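The values are calculated or read from the model by the stated rules, or taken from the named source; none is laboratory data. Given the structure is predicted, the values throughout are model-derived calculations rather than measurements. We place every Cβ from the backbone using ideal geometry, glycine too, and count neighbours over all the protein chains shown.
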Amino acid sequence: MAEDNRPLDLATRLDAWAGEDATRGAVATTVNVLARACADIAKLVATGPLAGALGASRGAENAGGDAQKELDVICDTMIAEALRGAPVAALASEEADHAVALDPEGTLLVAVDPLDGSSNIDTNVSVGTIFSIRPRIEGIDPASDAAFMRPGSEQLAAGYVVYGPHVALVLTVGEGTELYVLDPERRKFVQTDAALEVPAEAREFAINMSNYRHWDDRIRTYVDDLVAGKDGPRQVDYNMRWIASMVAEAHRILVRGGVFLYPGDARKGYASGRIRLVYEAAPMGFLMEQAGGRASDGKTSVLEIVPEKLHQRTPLVFGSKTKVERVERYLSSDLGWSDKSPLFSRRGLLTA
């Protein structure tokens, strides 16, 4: 809260954080520009069909290989145009094949998924925008894809905006994870939680069960143990959630706890899952780890992975630290269908 007891707005918070530091000042300017663009996107999303066929397919795929919606392209253009007023040298987007040059004097790089979960537009389910802010690397053309081939641990800030019953912005600048809500009358994001923390325990998990037959045995074993509930080795009943909008899944987990899984599987083109590392997994990992959670590819923190290409995919598990670490133990084991025997109903990897 501000000293006058009024809720702290995003711009004021960032101004105080940045102080006289040039890099922080550039980050603050960029976050504010992105927030304003997202407020405009929120207004457009809220009009739904009144704005036209926003959910209509363009009959094409974006650079990430997903079906492209009309609103995907509109949001991408809105963000790119907004960032021309920020100290950003280049933008990498899910909707573009390669990075795009912006300000040649810019000191930052931005990577975005302009509209995560756009397949939900027609059904009025929450969608969102994900962003990652990184430093420009000296000696590398900022408008080249190579400029973005850096580990997520180098991010200066990351966040998402979820367009739901209310519009929420979740942000980290490396000092914890903060929650803001858009005040539509003032058109400002107002802080409602200065230190979000992923609840350590929750009886919820999110995964697309329709892919069950394609999973590795170890993922199936993990999910089977959850589904077995009180009758299984965990001896607790769990609820499954699946929204097919990662920002909505992440928001629920940050508020209520749990774990999200999108593993690789045996389908053609899905060996490394479906989540893009640079502009989806890395920023989400930064947010989760700054909130006391964890985000992993099943073996290591996604913040440690150095991408080899701009639209590289990665398996992704995020949420409560203990729950993600438990999934990692399953994946590092030699469990298979043979382990379904009651003999293994108290296996040691279930602890913690």
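Among the candidates LEU335, LEU343, which residue alone is farther than 29 Å from SER132 by Cα and either assigned to a helix (DSSP H, G or I) or at pLDDT below 50 (or both)? Step through it out loud before you land on a result.
On the way: LEU335 fails: either assigned to a helix (DSSP H, G or I) or at pLDDT below 50 (or both).
Residue meeting the stated conditions: LEU343.
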Original post:
Regarding VAL181, is this residue within 21 Å of the chain's Cα centre (by Cα), under 29 Å from PRO7 (Cα atoms) and crowded, with 20+ Cβ neighbours inside 10 Å?
Top reply: no
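Take the residues in the range 193-209 that are closer than 18 Å to ALA248 by Cα and of a type outside the set (A, V, I, L, M, F, W, C); name whichever of them is farthest from the chain's Cα centre (by Cα). Steps first, please.
Keep residues of the range 193-209 that are closer than 18 Å to ALA248 by Cα, which gives 193, 196-199, 202-209.
This time we only want the ones that are of a type outside the set (A, V, I, L, M, F, W, C), so: 193, 197, 199, 203-204, 208.
Details: ASP193: 19, GLU197: 16, PRO199: 18, ARG203: 21, GLU204: 18, ASN208: 17 Å.
Residue satisfying both the conditions and the ranking: ARG203.
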Original post:
Could you list, in sequence order, the residues of the range 138-156 that are part of a loop (DSSP other than H, G, I, E, B), touching a helix residue (DSSP H, G or I) at 6+ places or on another chain (Cβ under 7 Å) and not charged (D, E, K, R)?
Top reply: ILE140, PRO151, GLN155, LEU156
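Hey, can you tell me all the residues within the range 217-245 that are polar (S, T, N, Q) and either modelled with pLDDT of 95 or more or closer than 16 Å to GLY298 by Cβ (or both)? Before the answer, list the steps.
Kept after step one, since they are polar (S, T, N, Q), are these residues of the range 217-245: 221, 235, 239, 245.
Matches in the range 217-245: THR221, ASN239.
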Subject >> Any pair with Cβ under 7 angstrom, 6 or more apart, that starts in the range 81-92 at a residue that is free of Cβ contacts under 8 Å to residues at least 40 places away in the same chain and ends at one that is small (Gly, Ala, Ser) and part of a helix (DSSP H, G or I) >> reply: LEU91/ALA80
Subject >> Filtered residue count, the range 138-155, keeping only those that are in contact with a strand residue (DSSP E or B) (Cβ under 8 Å, 6 or more places away or on another chain), among the hydrophobic types (A, V, I, L, M, F, W, C) and at pLDDT 95 or above >> reply: 2
**OP:** Go through the range 90-141 and count every residue that is over 23 Å from ARG274 (Cα atoms), small (Gly, Ala, Ser) and buried (at least 24 other Cβ atoms within 10 Å of the Cβ).
**Re:** 1
Subject >> Per-region count, the range 239-251, residues free of Cβ contacts under 8 Å to residues at least 60 places away in the same chain and crowded, with 20+ Cβ neighbours inside 10 Å >> reply: 1
Original post:
If we scan the range 310-329, do we find a residue that is under 19 Å from PRO199 (Cα atoms), hydroxyl-bearing (Ser, Thr, Tyr) and at pLDDT 95 or above?
Top reply: yes
Original post:
Here are ARG187, ARG252: which of them is among the basic types (Lys, Arg), over 30 Å from LYS309 (Cβ atoms) and modelled with pLDDT of 95 or more?
Top reply: ARG252
Subject >> Qualifying strands (runs of 3 or more DSSP E) (wholly inside the range 1-115; at least 3 residues being within 21 Å of the chain's Cα centre (by Cα) and at pLDDT 95 or above) >> reply: 88-93
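Of everything in the range 259-290, what is part of a loop (DSSP other than H, G, I, E, B) and surrounded by fewer than 24 Cβ atoms within 10 Å (Cβ to Cβ)? Give them in sequence order. Write out each step before concluding.
Keep residues of the range 259-290 that are part of a loop (DSSP other than H, G, I, E, B), which gives 263-274.
Across the range 259-290, the qualifying residues are GLY264, ASP265, ALA266, ARG267, LYS268, GLY269, TYR270, ALA271, SER272, GLY273, ARG274.
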Original post:
Tally time: how many residues in the range 204-232 are among the hydrophobic types (A, V, I, L, M, F, W, C), in contact with a Gly (Cβ under 8 Å, 6 or more places away or on another chain) and not in a helix (DSSP H, G or I)?
Top reply: 2
Subject >> Tally, over the range 194-216, of residues that are surrounded by 16 or more Cβ atoms within 10 Å (Cβ to Cβ) and of a type in the set (D, E, K, R) >> reply: 2
Subject >> Filtered residues of the range 10-38 (kept if buried (at least 19 other Cβ atoms within 10 Å of the Cβ) and either outside the structural domain of VAL110 (by TED's automatic domain parsing) or not β-branched (Val, Ile, Thr) (or both)) >> reply: LEU10, ARG13, LEU14, ALA26, ALA28, LEU34, ALA35, ALA37, CYS38
Subject >> Qualifying residues in the range 116-137 (those that are assigned to a strand (DSSP E or B) and among the charged types (D, E, K, R)) - the one farthest from GLY152 (Cα to Cα) >> reply: ASP116
